[in-house]
1. Residue check, ARG336 against (1) part of a strand (DSSP E or B); (2) touching a Gly at 6+ places or on another chain (Cβ under 8 Å), all met but one. Which one?
2. Does segment 426-440 include one or more residues that are touching a helix residue (DSSP H, G or I) at 6+ places or on another chain (Cβ under 7 Å), at pLDDT 90 or above and either crowded, with 19+ Cβ neighbours inside 10 Å or part of a loop (DSSP other than H, G, I, E, B) (or both)?
3. Somewhere in segment 37-55, is a residue open to solvent by 70 Å² or more (accessible area, probe 1.4 Å) and modelled with pLDDT under 70?
4. So PRO297 passes all but one of these: (1) in contact (Cβ under 8 Å) with a residue 40 or more places away in the chain; (2) open to solvent by 40 Å² or more (accessible area, probe 1.4 Å); (3) part of a strand (DSSP E or B). Which condition number does it fail?
5. Out of the residues in segment 189-221 that are in a helix (DSSP H, G or I), of a type in the set (D, E, K, R) and over 25 Å from LYS231 (Cβ atoms), which is farthest from the chain's Cα centre (by Cα)?
6. Taking segment 309-325 as the search range and keeping residues that are surrounded by fewer than 18 Cβ atoms within 10 Å (Cβ to Cβ) and assigned to a helix (DSSP H, G or I), which one is farthest from the chain's Cα centre (by Cα)?
7. Out of segment 368-383, which residues are surrounded by fewer than 22 Cβ atoms within 10 Å (Cβ to Cβ) and under 45 Å from the mean Cα position of the chain (by Cα)?
8. Could you tell me which of the residues THR393, THR361, THR328, THR357 is open to solvent by 60 Å² or more (accessible area, probe 1.4 Å) and at pLDDT 90 or above?
Amino acid sequence: MGRLFWKIFLAFWLTQVLMGAAVGVVFYIHNQQRLAEMTELAGGPRAQRNVALVAVTLHYGGVPALRELAREWSRRRGLPVYVVDAAGRDVLHRPVPAAALSRARTLLSGQGQVAGVRRVQARDGRSYVLFVPAEVLSGEHRFEHHRLPLDPLALRLLIASLAGLLFSAGLAWYLTRPLRHVRSASRQLADGVLDTRVMPVLGRRRDEIGDLGRDFDHMAARLQALVGAQKRLLHDVSHELRSPLARLQVAVGLARQQPAKIDAALQRIERESERLDELVGQLLTLSRLEAGVVQGPEEQVDVRALLQDIVDDARFEAQSQDRDVQLTAAPELVVRGRAELLHRALENVVRNGVAYTAAGTTVEVSADSAPDRLRLRVSVCDRGPGVAEGSLTQLFEPFVRLDAAGSETPPRGYGLGLAIARRAIEAHGGSVRAYNRPDGGLCVELELPAVRGPHITD
């Protein structure tokens with residue numbers, strides 16, 4: 001067991017013991033005060049039984065029955081109960097202790113009937129006070145009288161200590177057990193067991209420890225996803241690099257075997273080199289964005305002007321393929337960020353729409369402020385086949401290229417454009433999502449924080 005367990009255990013147990021001891025001392029002082037007030041009278045179960053026996057005899061049998069009981073009792077050790085009439089005389093003609101009689105009468109006048117002291121009316125109608133003076137008790141009786149209040153006190157303290165011990169141990173175990181599981185899971189996670197989870201062990205806890213367990217599982221799941229994504233990325237990068245490299249090797253081999261076709265081979269080599277350069281450039285951009293390394297100064301960027309340039313270039317290329325691109329943008333759309341990075345992100349999304357929209361259709365680009373005026377929204381909608389609903393979130397993963405059925409399509413680029421766009425928008429505090437249009441096609445929606453106050457001036 002860890003140190004935290006013992007700290008919690010000892011702290012709560014000592015608190016329980018001290019509280020029990022304090023309560024016990026208070027009761028002990030109170031009992032001692034009561035005993036001090038009753039030192040003239042005997043107490044305890046035996047004195048109470050004797051008084052009760054004499055009271056019954058006197059009430060139903062009268063004084064003669066009481067004297068008969070006294071004669072029977074005198075054969076053993078004498079009647080310990082004094083029976084005093086209104087004149088202060090004992091019916092058995094014994095000298096009456098004045099202090100004990102006064103104390104008995106005081107108790108009866110204040111509280112009626114008191115344990116160990118009674119007022120009884122005999123058959124002759126006279127009233128008598130019954131009590132046991134302290135000095136008539138034997139040594140055994142006095143020991144019982146004075147020690148009796150201490151025994152329950154010690155018993156209470158013992159019970160309180162044991163209860164506090166069990167409660168503190170249970171509470172400490174309840175608090176430290178889940179922490180030990182989290183610690184063990186952390187070690188497993190550090191050792192590379194990425195599917196480690198703690199909530200199956202913690203159960204359905206609804207306290208701060210349960211929140212810690214859920215956060216740990218969320219962290220482990222995210223870490224597992226990121227590591228898996230990195231592994232897939234390395235695999236995809238090696239695959240994408242292998243294809244142009246293989247074509248380069250084939251082109252070099254053909255150039256050596258057929259010198260007459262060296263010009264065609266050189267053109268192939270140049271084309272594959274450009275593809276490799278483009279791929280490496282996109283990978284470097286994606287790597288910097290994922291690492292949080294964003295270069296270039298921040299400035300106020302006119303999104304409407306930026307989109308106009310991108311749409312003009314995309315329209316020039318799209319019209320050669322019997323497609324078109326149209327822009328609808330509100331004025332005063334300004335964000336703070338890096339113009340080059342935002343240009344690349346928006347251009348990638350627009351070019352993706354142009355690549356997948358059907359022939360004879362138009363890619364619709366729109367930009368406007370959100371209703372709260374704190375964000376602006378850019379939508380790029382095509383008239384292509386769309387994407388299966390379960391695969392929409394995969395669109396923004398590197399090297400993923402999906403068609404309407406969710407399967408991979410023939411290569412159109414490297415599948416890095418939308419991944420770079422999402423990282424770039426998120427680096428500016430924005431978000432990206434994709435959804436299918438009800439009447440066919442795919443929409444990619446980007447949101448960015450808007451700039452409030454003075455805007456760009458020409």
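1. The one condition ARG336 does not meet is (2).
2. yes
3. yes
4. Condition (3) is where PRO297 drops out.
5. By that ranking, first place goes to ARG214.
6. SER320
7. ASP368, SER369, ALA370, PRO371, ASP372, ARG373, LEU374, ARG375, ARG377, SER379, CYS381
8. None of the others qualify; the one that does is THR328.
The values are calculated or read from the model by the stated rules, or taken from the named source; none is laboratory data. As the structure is a computational prediction, the values presented were derived from the model and not from experiment. Positions of Cβ are generated from backbone atoms using ideal geometry, with glycine treated the same way; all protein chains shown enter the neighbour counts. The accessibility values were calculated without ligands, DNA or RNA, using every heavy atom of the protein model including side chains. Shrake-Rupley method; radii C 1.70, N 1.55, O 1.52, S 1.80 Å.
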